[in-house]
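The structure appears below as structure tokens.
The values are calculated or read from the model by the stated rules, or taken from the named source; none is laboratory data. These numbers were taken from a predicted model, which means no experiment stands behind them. We place every Cβ from the backbone using ideal geometry, glycine too, and count neighbours over all the protein chains shown. Ligands, DNA and RNA are stripped out before the accessible areas are found, and what is left, the full protein with its side chains, is counted by its heavy atoms. Shrake-Rupley method; radii C 1.70, N 1.55, O 1.52, S 1.80 Å.
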Amino acid sequence: MSVPCVAVARERGEEVREQLAAVGVLDSDHEIAVEDGTIYVPVTDPDAVPPELRESVVERPAERREQPTMPADVLGYEPSLERLGDIVILDEDDPERAREIADAVMDSDIPCETVVNRASPIEGELRVRQWDVLAGDGTETVHREYGHEFLLDIAEVYFSPRLATERHRVVQQVEAGEQAFDMFAGVGPYAIPMASAGAEVVACDLNETAIDYLRENAERNDVADQVTAVAGDVREVAADWTGWADRVVMNLPHSADEFLDTAVALAGEECVLHYYDIQHEDDPFGPGEDAIREAAAAADEPYEVTVETEHVVRSYAPHEHNVCLDVRLRKQ
Ligand code: SAM
């Protein structure tokens, strides 16, 4: 089939393709072709081609472009799904619909080894969810985030790819040479990028499997020398690091307030706390700030408290926000 194409010297191909895309006239249903040093870029409307390229428009046969098959093409509706590495995650109450979507995902061109459906809320101290495995058999995968890779098993550890932007926001504040303590480290999505940014990091988690993955991930990302990973209850582990930290990450939003005395004990002369909380939208930051001020005042040597950032991370439930307070503590 003949379609209008802009024909230019091959060396100008990328520049012209970008120019045509920018004015919305690039025809992505047909393949670009190259012949005898000339590149032929299909366009949807010859009259909408920028004037300086209009004389280069020719009619020419072009192959139809193969579009990848997506689950919606198989199902006839757009399913809601989330991807973590090569695992596709569903949140379907109806098991039959979940099965239908899983089959469509496996029949589609999405690169995927396993499809799982949420089988429980995130629960327990270790904050792990149960899953129904609908296709494939492994729940271990490699997730990539801002240039780092994390091996993890979603059936054994907590992990949310939705927090990637938030983690990056925190990591960008890290300066080379500082000492950072991650109290609830999971498989290391804060600890490892903080180490890459030049920090010396101590990462603690109650979940031994998460700490095993964290050590493996430190190796994978070439920061094992800068990361000390400790399995255990941070209230006990912290005793070995009293007064050590320039930065403390507290990513246990439902109960971080119960660990503020530990965070303050970890703090050095001056320390930034990243305190995660879940609160009602009417006063998302007030309860956290009050709890931090109370803990800082109760220290043997009290701290002056400055709230540097109040940040809404995401909506958690109707009228409830997941928030982060970045707070600087300075010994008075
Ligand atoms: N920061 C990680 C991330 O972004 O993926 C994990 C966050 S997850 C919400 C909270 C983590 O805190 C879980 O891995 C859980 O095992 C750990 N945890 C819960 N209670 C703890 C405690 N008392 N001491 C150390 N870690 C704890």
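Tabulated data
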read-out: Matching option when the condition is at pLDDT 95 or above, on the phi < 0 side of the Ramachandran plot, away from the ligand (no atom under 13 Å from the Cβ) and of a type in the set (Ser, Thr, Tyr), among Thr242, Thr262; value: Thr242
read-out: Every pair of residues 6+ apart whose Cβ atoms lie under 8 Å, when the first sits in region 242-255 and is of a type in the set (Phe, Trp, Tyr) while the second is open to solvent by less than 30 Å² (accessible area, probe 1.4 Å) and within 16 Å of the ligand (Cβ to nearest atom); value: Trp244/Phe181; Trp244/Val202; Trp244/Leu266
read-out: Tally, over region 208-236, of residues that are closer than 16 Å to Leu151 by Cβ, surrounded by fewer than 22 Cβ atoms within 10 Å (Cβ to Cβ) and without any contact (Cβ under 8 Å) to a residue 40 or more places away in the chain; value: 6
read-out: Residues within region 189-207 that are of a type in the set (A, V, I, L, M), away from the ligand (no atom under 12 Å from the Cβ) and without any contact (Cβ under 8 Å) to a residue 40 or more places away in the chain, tallied; value: 3
read-out: Residue count, region 56-75 (criterion: open to solvent by 70 Å² or more (accessible area, probe 1.4 Å) and either of a type in the set (A, V, I, L, M) or at pLDDT below 95 (or both)); value: 10
read-out: Failed condition for Ala229, given (1) touching a Cys at 6+ places or on another chain (Cβ under 9 Å); (2) assigned to a helix (DSSP H, G or I); (3) more than 9 Å from the ligand (Cβ to nearest atom); value: (2)
read-out: Of all residues making up region 1-37, the number that are β-branched (Val, Ile, Thr), buried (at least 16 other Cβ atoms within 10 Å of the Cβ) and not in a helix (DSSP H, G or I); value: 5
read-out: Residue within region 316-329 that is touching a residue at least 60 places away in the same chain (Cβ under 8 Å) and over 26 Å from the mean Cα position of the chain (by Cα) present; value: yes
read-out: Residues being more than 21 Å from Ala119 (Cα to Cα) and touching a strand residue (DSSP E or B) at 6+ places or on another chain (Cβ under 9 Å) - total across region 63-101; value: 4
read-out: Residues satisfying the stated conditions in region 131-188, i.e. within 13 Å of the ligand (Cβ to nearest atom), in a loop (DSSP other than H, G, I, E, B) and more than 11 Å from the chain's Cα centre (by Cα); value: Ile154, Glu156, Val157, Tyr158, Met183, Phe184, Ala185, Gly186, Val187, Gly188
